[in-house]
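The structure under discussion is supplied below as structure tokens; questions concerning it will follow.
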């Protein structure tokens, strides 16, 4: 296990180099996928002298390569360091950004992932005596299972909510006096909407913390504020991870909207998506990760597609401690978007998270859907909103939203209304953007 987090950037980098050498020694030549990709660099990397040398010698890994490997070598691909009989867990990506990937773990790798998720919950203040409600159906996605086992390891009472309607989950949450709710930001909003329809008063619940993930909303100030209004007395706590990497970040306990990278489990780089060169402090770039603890199915310099803004360069050994006392890499604003989600509308770069930030300023918006078209490469947007039952001036709301888009993007975005209850609701990752 990774153990305690080092108290300085220099100590973190020393720990990462040690763990990276252990990973490479176990992976090369045992892992066919990684050894084949590294080619002539494979043998020198087993004795890598520094993190910068590793980055210089190791090519970036894309999701397309992993998908193709699993297509050619179905069903699990060749990114396996051990014989298949060593693996005891199989999970799958959601497929929201392409073909789903299957991912295998050994008991040792699984224990490391549970330890990482336990850190997420500790940072959120979850402890023995808490009652944690998991408001989702348990499927092949890894986060559900990790969160449950992590909460159990802390001594919390775990309340599974699979196979229930939203109304039934709310009643269970109230009857069993849950203190922590785990779900996506979108589903937390939907639960509050259901509570209003069922005449359930959320102020009567004991929920003090909403642990959210799966979407960028947890770090968007307007979405956070909306959630905390809907769930009186509860703090939103954001984090993020991915099936093929595992847990990656958790929210700073004293600075909402800032995510700390769990650098004892991953080696993080932030690169310009086009040039592949490291970005400077406070510049936006793509998060690239190497798994340090997942030896059974490792990833070396994996392009996550997530756009982030590091408070300091990862290699800066003299970076000051965060206000929370941590030395780990801090990402301002959390996950800002995805490199493949950006669309250019009349010369303006538009990300889904930025659209949500505008819409969540309006508490009268219950749900929304964005339709975008790209005829001959020229994209355009239309936004459809579903008003809450208490919206008294729908025409005025539509005008104010259109004005907010004009101010935010200098674009005229058509905004129309949908009948109450007509737009889809989502238990897992929301799919609000529709291509036409």
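The values are calculated or read from the model by the stated rules, or taken from the named source; none is laboratory data. If you're wondering where the values come from, they're calculated on a predicted model, not measured in any experiment. We place every Cβ from the backbone using ideal geometry, glycine too, and count neighbours over all the protein chains shown.
Tell me the residue from 132, 180 that is in the same structural domain as residue 191 (by TED's automatic domain parsing), at pLDDT 95 or above, in contact with a helix residue (DSSP H, G or I) (Cβ under 7 Å, 6 or more places away or on another chain) and within 26 Å of residue 245 (Cα to Cα), please.
132
Additional query: Hey, residue 294 hits all of (1) surrounded by fewer than 23 Cβ atoms within 10 Å (Cβ to Cβ); (2) in contact (Cβ under 8 Å) with a residue 40 or more places away in the chain but one; which does it fall short on?
(1)
What residue, among those in region 217-241 that are in a strand (DSSP E or B) and over 30 Å from residue 62 (Cα atoms), is nearest to the chain's Cα centre (by Cα)?
236
Could you identify the single residue in 286, 263, 244, 269 that is touching a strand residue (DSSP E or B) at 6+ places or on another chain (Cβ under 7 Å) and assigned to a loop (DSSP other than H, G, I, E, B)?
The unique qualifying residue is 244.
Still on this structure, I have one more. Quick check, is residue 434 assigned to a strand (DSSP E or B), closer than 19 Å to residue 222 by Cβ and touching a residue at least 60 places away in the same chain (Cβ under 8 Å)?
no
Report yes if residue 25 is part of a helix (DSSP H, G or I), touching a residue at least 60 places away in the same chain (Cβ under 8 Å) and either closer than 26 Å to residue 262 by Cα or in contact with a helix residue (DSSP H, G or I) (Cβ under 6 Å, 6 or more places away or on another chain) (or both), otherwise no.
No.
Please verify whether residue 16 is touching a residue at least 24 places away in the same chain (Cβ under 8 Å), part of a helix (DSSP H, G or I) and closer than 30 Å to residue 325 by Cβ, treating the condition exactly as stated.
yes
Please go through region 315-337 and pick out each residue that is modelled with pLDDT of 90 or more and assigned to a strand (DSSP E or B).
Passing the criteria: 330, 331, 332.
Does region 107-114 contain any residue that is modelled with pLDDT of 95 or more, out of contact with any helix residue (DSSP H, G or I) (no Cβ under 9 Å at 6 or more places or on another chain), surrounded by 18 or more Cβ atoms within 10 Å (Cβ to Cβ) and farther than 26 Å from residue 23 by Cβ?
No, because not a single residue in region 107-114 is modelled with pLDDT of 95 or more, out of contact with any helix residue (DSSP H, G or I) (no Cβ under 9 Å at 6 or more places or on another chain), surrounded by 18 or more Cβ atoms within 10 Å (Cβ to Cβ) and farther than 26 Å from residue 23 by Cβ.
May I ask you to list the residues in region 17-47 that are closer than 17 Å to residue 69 by Cβ and in contact with a strand residue (DSSP E or B) (Cβ under 8 Å, 6 or more places away or on another chain)?
Within region 17-47, 37 is the sole residue that qualifies.
Considering region 237-257 alone, what residues qualify as being surrounded by fewer than 24 Cβ atoms within 10 Å (Cβ to Cβ) and closer than 21 Å to residue 359 by Cα?
Within region 237-257, 256, 257 qualify.
Show the residue pairs meeting these rules: Cβ distance below 8 Å; 6+ apart or different chains; first residue within region 400-416 and more than 11 Å from residue 355 (Cα to Cα); second residue surrounded by 16 or more Cβ atoms within 10 Å (Cβ to Cβ) and at pLDDT below 90.
411/345; 411/350; 411/381; 414/381
Looking at residue 336, is it within 22 Å of residue 116 (Cβ to Cβ) and either without any contact (Cβ under 8 Å) to a residue 40 or more places away in the chain or in contact with a strand residue (DSSP E or B) (Cβ under 8 Å, 6 or more places away or on another chain) (or both)?
Taking the combined requirement at face value, the residue does not satisfy it.
A further question on this structure: Of the residues in region 390-401, how many are surrounded by fewer than 16 Cβ atoms within 10 Å (Cβ to Cβ) and either within 31 Å of the chain's Cα centre (by Cα) or not assigned by TED's automatic domain parsing to the domain that holds residue 350 (or both)?
Of the residues in region 390-401, 1 are surrounded by fewer than 16 Cβ atoms within 10 Å (Cβ to Cβ) and either within 31 Å of the chain's Cα centre (by Cα) or not assigned by TED's automatic domain parsing to the domain that holds residue 350 (or both).
Out of curiosity, is residue 123 assigned by TED's automatic domain parsing to the domain that holds residue 177, touching a helix residue (DSSP H, G or I) at 6+ places or on another chain (Cβ under 9 Å) and under 29 Å from residue 209 (Cβ atoms)?
Spelling it out, it is not the case that residue 123 is assigned by TED's automatic domain parsing to the domain that holds residue 177, touching a helix residue (DSSP H, G or I) at 6+ places or on another chain (Cβ under 9 Å) and under 29 Å from residue 209 (Cβ atoms).
Another one. Show me the strands (runs of 3 or more DSSP E) entirely contained within region 338-380 in which 3 or more residues are farther than 24 Å from residue 288 by Cβ and in contact with a helix residue (DSSP H, G or I) (Cβ under 7 Å, 6 or more places away or on another chain).
Of the strands (runs of 3 or more DSSP E) lying wholly inside region 338-380, those with at least 3 residues that are farther than 24 Å from residue 288 by Cβ and in contact with a helix residue (DSSP H, G or I) (Cβ under 7 Å, 6 or more places away or on another chain) span 365-373.
On to the next question. Considering each residue of region 59-111, count those that are closer than 19 Å to residue 37 by Cα, without any contact (Cβ under 8 Å) to a residue 40 or more places away in the chain and either part of a helix (DSSP H, G or I) or not assigned by TED's automatic domain parsing to the domain that holds residue 247 (or both), and give that number.
Qualifying residue count, region 59-111: 8.
Follow-up question, since we're still on this one. Could you list, in sequence order, the residues of region 195-216 that are within 25 Å of the chain's Cα centre (by Cα) and either assigned by TED's automatic domain parsing to the domain that holds residue 425 or outside any loop (DSSP other than H, G, I, E, B) (or both)?
Once the filter is applied, which keeps residues that are within 25 Å of the chain's Cα centre (by Cα) and either assigned by TED's automatic domain parsing to the domain that holds residue 425 or outside any loop (DSSP other than H, G, I, E, B) (or both), region 195-216 yields 209, 210, 211, 212, 216.
Hey, another quick one. Any chance region 153-165 includes a residue that's modelled with pLDDT under 95, crowded, with 17+ Cβ neighbours inside 10 Å and either under 24 Å from the mean Cα position of the chain (by Cα) or not in a loop (DSSP other than H, G, I, E, B) (or both)?
yes
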